[in-house]
Structure formats: structure tokens, C-alpha cells
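For reference, the structure discussed in these notes is given below.
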Ligand SMILES: C[S@@+](CC[C@H](N)C(=O)[O-])C[C@H]1O[C@@H](n2cnc3c(N)ncnc32)[C@H](O)[C@@H]1O
């Protein structure tokens, strides 16, 4: 059971359960279902769901995220690894998109950006995030179209959240659309999650398999290039993995 949520210092326990690794039982590399790339998506009660990515709890995300969770979702060492990746990949002075954002920002405090747009499920969490210049409350599992101009963003990030997307390929394709040519998307994750809310494949894979799965999402999106995977796990504590892609170059005739 998940515990009630209170504002927590970084050293305090997170909400999420640790995902049991199935390492040694199955090959690490998953197979991304071919249906993940389909544009036809079933729509039940207004919700979009790729049938492959069902969740144990498919009730509304609005209800699940209605109460703010002022907690951190990974430990301090893993957060520091995320911040270092942002330092390396997200361009100083750029317009940044923090997708699936909360009250906490992992952007390096010493770096200034022209804007930071945060999109998440809880308005109170976004309002408390000190780095956000724009806040968007949107359920990406209902509506994966980002309310942003094509080629308007210099760098994007998704931290410990990609596993909650029921149409990950379609969302990432949208991120590719709004990124400028060659602009980076940094996706990070650990081994904690709300098990009932993650897509089914996430629970059946080990850490290496999840890295391959997310890489497969970006490849299937079709508008990313130079996709790399990194293990930035600190020596102790929560592991930290990254999948990084760069928006594929568009021809000048297309936007
Ligand atoms: C584990 S938290 C991570 C928050 C933040 N990225 C961080 O690193 O602290 C998961 C986040 O995903 C967001 N989220 C979950 N489901 C979502 C959905 N369907 N649409 C948009 N955001 C969602 C929630 O608002 C929440 O902030």
C-alpha cells in the first residue's frame, strides 16, 4: 500500500515501491510491440490507451494525482545524477520543457534558462516548483498533443515518469515535434514506481530491459536521432538510467 503523502526531506523514504528485478530469469532486451507505433489508439471513456500498455489500475489519473505529493521520488544521489545530466545536455539560456513535472526541479540551480515549461497532473505541485515559468496541467494519457509550437523548445526532460505513459510513443513523437532541430530530450528513471500505475511491460523487465524499452519508444517515435543510453547510477542508493535522444533534423520546407 502507498503511504499518505507528506512534504518529505530528500533523505526521507519515497512513496514508490521498488520494482523487483527479474534479472537472470529472462533476457534483458524486451521486444517493443509493433502496435506501440500505431496511430490508431482505442479510446475508452475519453482516455487514450494503447492496448499493449494497460495498467493494473486504469482508473482516472486525475483522481490518482488529485492530492499533491510533496515528496521526492528518488534519493539525493540519483537526483544529483539527473541534475548532472541536465547540466551536460540542456542548453543554458534555452527554452526548456519539463514533462511530467512536480513541485521539485532537478535543473541545475546555477544555470539560467530563458523559460521552463512544466507539464504535470497536479496544479499545486507545479505552482510550488520554483523553476517553472509556465505551468500546464494536462493528462497525457487522455490528450497527448502538447500545446506548444512546433520547433519551439531547446531541450526537454522527463524524470522518473515515462513508465506512466499509456501511449509513450505518441507522447515522445509530440516531444520530437516541439523540439528544435537536434535539441535533446533527456529521459531518466530508476527502479521505483507506483506499481499499479505503470504500464505492464515495466513490471516484467529488469533495469537493462527498461532501458531498452525506453530506447525502443524513442526509436518508434520516428523523429529522434543519436539515441544513447547511459547508466549514471551512484555507487550507493537508487540506480539512475538515462535514454537521450535528439530531435531529428527537419527539412527547411517542413516546420
Ligand atoms: C514520480 S512523479 C515524478 C515527478 C517529477 N518528474 C520528479 O522528478 O520529481 C510522476 C509525475 O508524472 C506526472 N504524471 C503521471 N501521470 C501523468 C499523466 N497521465 N499526464 C501527465 N503527467 C503525468 C505526475 O504529475 C507526477 O508529477
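A few comments on the model shown:
- Listed by first and then second residue, the pairs linking a residue in the range 103-127 that is within 21 Å of residue 144 (Cα to Cα) to a residue that is modelled with pLDDT of 95 or more and in a helix (DSSP H, G or I), with Cβ atoms under 7 Å apart and 6 or more places separating them unless they lie on different chains, are 118/126; 120/126.
- The range 104-129 - residue that is crowded, with 20+ Cβ neighbours inside 10 Å and not in a loop (DSSP other than H, G, I, E, B) and, of those, nearest to the ligand (Cβ to nearest atom): 120
- From the options 217, 224, residue that is without any contact (Cβ under 8 Å) to a residue 60 or more places away in the chain, within 16 Å of the chain's Cα centre (by Cα), within 30 Å of residue 181 (Cα to Cα) and buried (at least 16 other Cβ atoms within 10 Å of the Cβ): 224
- Top-ranked residue in the range 41-64 [being modelled with pLDDT under 85 and in a helix (DSSP H, G or I); ranked as farthest from residue 213 (Cα to Cα)]: 51
- Residue match in the range 188-196 (condition: in contact (Cβ under 8 Å) with a residue 40 or more places away in the chain, over 13 Å from the mean Cα position of the chain (by Cα), within 20 Å of residue 56 (Cβ to Cβ) and surrounded by 21 or more Cβ atoms within 10 Å (Cβ to Cβ)): yes
Results for (1) surrounded by 23 or more Cβ atoms within 10 Å (Cβ to Cβ); (2) at pLDDT 95 or above, shown as yes or no for each residue.
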position: 83; (1), (2): no, yes
position: 131; (1), (2): no, yes
position: 136; (1), (2): no, yes
position: 142; (1), (2): no, no
position: 153; (1), (2): yes, yes
position: 161; (1), (2): no, yes
position: 174; (1), (2): no, yes
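- Index of the failed condition, residue 73 passing every other in (1) closer than 25 Å to residue 229 by Cα; (2) more than 8 Å from the ligand (Cβ to nearest atom); (3) in contact with a strand residue (DSSP E or B) (Cβ under 9 Å, 6 or more places away or on another chain): (2)
The values are calculated or read from the model by the stated rules, or taken from the named source; none is laboratory data. None of the values given here were measured: they were computed from a predicted structure. Cβ coordinates were reconstructed from backbone atoms using ideal geometry, including for glycine residues, and neighbour counts include every protein chain displayed.
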